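Asks: Next up is a structure, given as structure tokens.
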Amino acid sequence: MYKILKKRILAPDICLMEVSAYRVASSAQPGQFVIVRVNQHGERVPLTICDFDPVAGSVTIVTQRVGASSRKILALEEGDAFVDFVGPLGMPSEFVHEKDEVLQNKKYLFIAGGLGTAPVYPQVKYLHTRGVQAEVIIGAKTRELIIMEEEMMQVASRVHICTDDGSYGFKGLVTAKLKELLDNGNHYDQAVAIGPMIMMKFVTLTARDYSLPLIVSLNTLMVDGTGMCGACRVTVGGQTRFACVDGPEFDAYQVDFDEAIRRQSMYKEQEIEADHKCKIGLGNG
Ligand code: NAD
Ligand code: FES
């Protein structure tokens, strides 16, 4: 069992949990994820790793209530435990393999959309510890949905906040902020976008106009997380790849986003039905 050491509400329906998971914490790297189960009957839920502390043996995850399984996760409290906490899964971000002298000559730009801010944080933190400059654009619908701003300010060289409704920071989508930064002559050697699939598609279309190298992290459906079931199948560079073992990060310009978006909503009806059952107390476990 994997005990919840701390729980903190970050925004309405979004919570951060620090979970005791020594083995995951000791080998986790930025870019990787875990698959958790709330109980024996629970669905396997992939969650990106938001932080990890090998000394304390803890891993931080951030969950947003979007359906039945995330509703069950959010209902857990400090002292409760996950029955499964499997990881670290997936490939680490490519930059972990680069030498300091190469990395330190690069300027990174991260584009984080909504909950995608959580997996961006460990990447920026990692680069900060290696003396690499990284700017971050954080976008959310409204001010109260901006998460991890303070933590990001500690590790990023600059943070640009955007809200769709203009309630905080720049008024507009992350793509508008990206365009503004690039039009104003800012130069970045590498960009990384993490957020809703539709956001990553449009960031890719914007970045292409400026020949900005771009990596995206694909949050596909997942079941086993080990390359066996095919649930996370995506087409990258015309080839079938599995986000759980070949990714989740890929070269944005090679990704077939339209197919990825279609596949992501394949079980929408079943998800809505399961969430409804969970709300009225008929869900599994
Ligand atoms: P959201 O819909 O509120 O979008 C967040 C921001 O993304 C918006 O404020 C906007 O700036 C930008 N955005 C959204 N649609 C856009 C578009 N069409 N064009 C340009 N920019 C756009 O996000 P949310 O509700 O917080 O997101 C939750 C989603 O994030 C879920 O689908 C979840 O699966 C996904 N997510 C992805 C990852 C990942 O690894 N890629 C990790 C965690 C969560
Ligand atoms: Fe099953 Fe990737 S989740 S193959």
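The values are calculated or read from the model by the stated rules, or taken from the named source; none is laboratory data. Note that this is a predicted model, so its numbers are computed, not measured. All Cβ positions, glycine included, derive from the backbone under ideal geometry; neighbour counts span all protein chains shown. In case anyone asks, the SASA skips ligands and DNA or RNA and just uses the protein heavy atoms, side chains included. Shrake-Rupley method; radii C 1.70, N 1.55, O 1.52, S 1.80 Å.
Asks: List, please: which pairs have Cβ atoms under 6 Å, are six or more places apart or on different chains, and start with a residue in the stretch 219-242 that is closer than 26 Å to residue 62 by Cα and open to solvent by less than 70 Å² (accessible area, probe 1.4 Å) and end with one that is more than 16 Å from ligand 1 (Cβ to nearest atom) and in a loop (DSSP other than H, G, I, E, B)?
Replies: Once the first residue is closer than 26 Å to residue 62 by Cα and open to solvent by less than 70 Å² (accessible area, probe 1.4 Å) and sits in the stretch 219-242, its partners that are more than 16 Å from ligand 1 (Cβ to nearest atom) and in a loop (DSSP other than H, G, I, E, B) give 242/227.
Asks: Go over the candidates 203, 192 one by one and state the one that is at pLDDT 95 or above, outside any helix (DSSP H, G or I) and in contact with a Ser or Thr (Cβ under 9 Å, 6 or more places away or on another chain).
Replies: The match here is 192.
Asks: Same structure again: Kindly provide the set of residues from the stretch 185-214 that are open to solvent by 50 Å² or more (accessible area, probe 1.4 Å) and either under 25 Å from residue 131 (Cβ atoms) or of a type in the set (Gly, Ala, Ser) (or both), ordered by number.
Replies: 185, 187, 189, 211, 213
Asks: Hey, among 225, 169, which residue is within 16 Å of ligand 2 (Cβ to nearest atom) and within 24 Å of residue 122 (Cα to Cα)?
Replies: Matching residue, one of 225, 169: 225.
Asks: Now for a separate question. Could you list, ordered by first residue, the pairs with Cβ atoms under 7 Å in which the first is in the stretch 76-98 and within 18 Å of residue 26 (Cβ to Cβ) and the second is aromatic (Phe, Trp, Tyr) and open to solvent by 20 Å² or more (accessible area, probe 1.4 Å), at least 6 apart or interchain?
Replies: Close Cβ pairs satisfying both conditions: 82/2; 85/2.
Rundown of residues vs (1) assigned to a loop (DSSP other than H, G, I, E, B); (2) crowded, with 22+ Cβ neighbours inside 10 Å; (3) on the phi < 0 side of the Ramachandran plot, yes/no style:
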position: 63; (1), (2), (3): no, yes, yes
position: 70; (1), (2), (3): no, no, yes
position: 151; (1), (2), (3): no, no, yes
position: 166; (1), (2), (3): yes, no, no
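Table: residues versus (1) open to solvent by 20 Å² or more (accessible area, probe 1.4 Å); (2) β-branched (Val, Ile, Thr); (3) outside any loop (DSSP other than H, G, I, E, B).
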position	(1), (2), (3)
4	no, yes, yes
8	yes, no, yes
50	no, no, yes
55	yes, yes, no
91	yes, no, no
101	yes, no, yes
105	yes, no, no
